[in-house]
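The values are calculated or read from the model by the stated rules, or taken from the named source; none is laboratory data. All values reported here derive from a predicted model rather than from experimental measurement. All Cβ positions, glycine included, derive from the backbone under ideal geometry; neighbour counts span all protein chains shown.
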Amino acid sequence: MVHLSVFLLIALSQIVLAAGQVCMKKGSGSPSLPKARKRYRFGWFSAGIAAMTGWFLLWVFLMTKLPLNRLFAFEGLSPILVTAASALFLKEEIATRAWIASGLIGIGIGLVASY
């Protein structure tokens with residue numbers, strides 16, 4: 001039986017991964033926005049690298065707690081979280097089809113993780 005703390009760490013790892021992706025995007029700039037100053041971009045890149053390092057370390061720890069085939073199903077949460085985070089924090093327009101696809105991914109994760 002898997003403890004609640006393991007599931008919370010799985011959720012945290014995916015949130016940290018999505019945060020890292022958003023920070024890296026913020027550091028790389030946007031076609032619609034002027035290029036940011038070097039210090040500003042370096043700060044976002046640094047935050048993104050730190051978040052992705054945190055995700056990696058959490059993921060390695062979680063691999064010791066769960067079989068990989070069960071754990072890897074949760075990796076599918078990443079596209080859902082990145083889509084939501086890009087809409088919320090980067091003000092990107094997300095098409096309805098993308099939201100539907102994200103919902104289908106979530107249903108698939110639920111099916112795989114619950115077996």
- Select from the range 34-66 the residues that are closer than 21 Å to ILE109 by Cα and not in a loop (DSSP other than H, G, I, E, B) and list them in ascending order. TRP55, PHE56, LEU58, TRP59, VAL60, PHE61, LEU62, MET63
- Can you tell me which residues in the range 67-115 are under 30 Å from HIS3 (Cα atoms) and either among the polar types (S, T, N, Q) or not in a helix (DSSP H, G or I) (or both)? PRO67, ASN69, SER78, THR83, SER102, SER114, TYR115
- Message: Just to be sure I understand, how many residues within the range 39-63 are closer than 21 Å to GLU75 by Cα and among the aromatic types (Phe, Trp, Tyr)?
- Response: 4
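Being touching a helix residue (DSSP H, G or I) at 6+ places or on another chain (Cβ under 9 Å), modelled with pLDDT of 90 or more, surrounded by fewer than 18 Cβ atoms within 10 Å (Cβ to Cβ) and of a type outside the set (Val, Ile, Thr) narrows it down to one residue among ALA47, ALA36; which is it?
Values: ALA36 fails: modelled with pLDDT of 90 or more.
Just a single option satisfies the conditions, and that option is ALA47.
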